[in-house]
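One structure below.
The values are calculated or read from the model by the stated rules, or taken from the named source; none is laboratory data. Since this is a predicted model, take the numbers as computed values, not measurements. Note: ideal-geometry Cβ built from the backbone for every residue, glycine included; neighbour counts use all protein chains shown.
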Amino acid sequence: MTKSLLLTYVLWLTGGWFGAHHFYLGRDRHAFVWWMTLGGYFGIGWLRDLWRIPEYVKLANRDPAATEQLKEKIRRNAKPVSSTARSVGQMVVSDALGYMVLYALPLDLIPESLLPLAAIPVPLAVAIGIHLVGNIGEQEGDLKMALLGAYLTYPLYFWSTHSVFWSSLASSYMFGHYSKRWRLVPRPQHPLRWRLLVLAACCLLYGSLWASWLYFNCSVTDSDGTQVKCRHSLRHFFGSPLWRDFKNVAHELYTHLRHHGWRELWRLLVDALDPQGEASALKVLGLPASATQEEITYAYRKLSRQWHPDRFHEPLQKQEAQETFIEIQKAYETLSSLKSRRLKKNIVERENPYAPRVEF
C-alpha cells in the first residue's frame, strides 16, 4: 500500500515521540527506538525527522528516484559510510539497554562477589542495542560481531560493573568494521497483527526492566538522610494523609458531579483554584468567607500592629516580620478590592435589573 506523506507528518506530529510515523512506514525497529528513548533521545531524533520524512516515504514506496539514488550510493561505496547520527544512536541505545539490565538486577539478593557473574547479560543487551540501530533503514549487519565486541570487554566487569560504555564502544567498532553492509534485499512484509505483537513484546520486555529496577533498586532519601526503597515508599504513600485527602476530594468531586452536573463542578473547581486570591487572603487575615468590610479592616489593623517590623530588633525576626507584614497588606488590598467591586456590581443590578450582567 502506498504511504502518504501527509499522513506520515500527521503521525509524526501526534505520536512521533513514540515512533508512530516510523511504524506506519514499516520501520518497526526505528519505531521501537523512538519509543524507548522518547523521540530519539528526548525529541532530538523526532525533530530531525522533520526534514528526513520525505526520504523515508520515498523509500517505503520504492520510489524509482529514491531507489536509483540508493543504487548510486552502493556503487560509490561498497560499504555504508559511517554516520554520526547512527553511531551516536547506537551508543545511546546500547548504553540504555545495558544499564537497564544492570540496574534491573536484584542487588539486595546478589552477594557483591557474584555481581560480575550476574552482569553476564549486560554485554548481550549492549550488543542487541548496537544491532538494533545498525539494522534500521537501508543498512544491516549480523549480531555475532556485535556480541563478540561486547563480550571482549566482559573482564572489565570484574573490576567495575559500570563498564557498559566500553562494551558499547567495542561492540559498535566490531559491528561497524566487520558486519555492517548495505541491505540489498528488502525486508519481508509481515501482517500488521504480527508486527504489533512483536513490537508490544519488545515494549513489555523493556518495561519489565524498568519495573525490576523500581521494585528492587529504586530508592529515595528522606529529610533524615535515610534511604528508603521506592516500593516501601509507595506502600506507605497509599496509607498517608495526602492520599486519604486526595481520595476524599476525588469522591466528593464525583458525588458533586452526579448530583449537580459538569457546569456546577466546573464552578467548584474554579473556586478551589482561587483565581482571585480571595481564599488565600482570608486565610492570612484569619477570617471566614462571610467576613464584612469592617471585620476585614479590624483584622488588618490588629495584625499590622502585631507584625510591624519596628517592633522587632533581631535581624531574622525583623525579616520574618517584614515578609508577614507585606502579606497582610496584600491580603487586605485583595479583599477590599473584591468587596468594592462586588458592591458596585450589586448597585448596578439594583438600579437596572434588566441590564446585561457584568462579571467582576
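Before moving on, here are some points about what is shown:
- The residue that is nearest to the chain's Cα centre (by Cα), among those in the stretch 79-95 that are more than 26 Å from Pro121 (Cα to Cα) and either in a helix (DSSP H, G or I) or without any contact (Cβ under 8 Å) to a residue 40 or more places away in the chain (or both), is Ala85.
- Check on Ser336, surrounded by 13 or more Cβ atoms within 10 Å (Cβ to Cβ), out of contact with any Leu (no Cβ under 9 Å at 6 or more places or on another chain) and of a type in the set (Gly, Ala, Ser): yes
- Among residues of the stretch 244-296, those that are more than 23 Å from Ser337 (Cβ to Cβ) and over 29 Å from the mean Cα position of the chain (by Cα), counted: 13
- Residue match in the stretch 315-324 (condition: touching a Pro at 6+ places or on another chain (Cβ under 6 Å) and among the hydrophobic types (A, V, I, L, M, F, W, C)): yes
- Among the conditions (1) touching a residue at least 24 places away in the same chain (Cβ under 8 Å); (2) under 30 Å from Leu132 (Cα atoms); (3) surrounded by 12 or more Cβ atoms within 10 Å (Cβ to Cβ), the only one that Gln276 does not satisfy is (2).
- Test: Ile53 is modelled with pLDDT under 95, assigned to a helix (DSSP H, G or I) and not hydroxyl-bearing (Ser, Thr, Tyr): no
- Only listed residue being in contact with a helix residue (DSSP H, G or I) (Cβ under 7 Å, 6 or more places away or on another chain), modelled with pLDDT under 95 and of a type in the set (Phe, Trp, Tyr), chosen from Tyr99, Tyr24, Tyr9, Tyr41: Tyr41
- From the options Val81, Val93, residue that is surrounded by 14 or more Cβ atoms within 10 Å (Cβ to Cβ) and either modelled with pLDDT of 95 or more or more than 20 Å from Leu13 (Cα to Cα) (or both): Val93
- Of all residue pairs spaced 6 or more apart or on separate chains, those with beta-carbon atoms under 9 Å, a first member in the stretch 250-267 that is touching a residue at least 12 places away in the same chain (Cβ under 8 Å) and a second member that is assigned to a helix (DSSP H, G or I) and among the charged types (D, E, K, R) are His256/Glu264.
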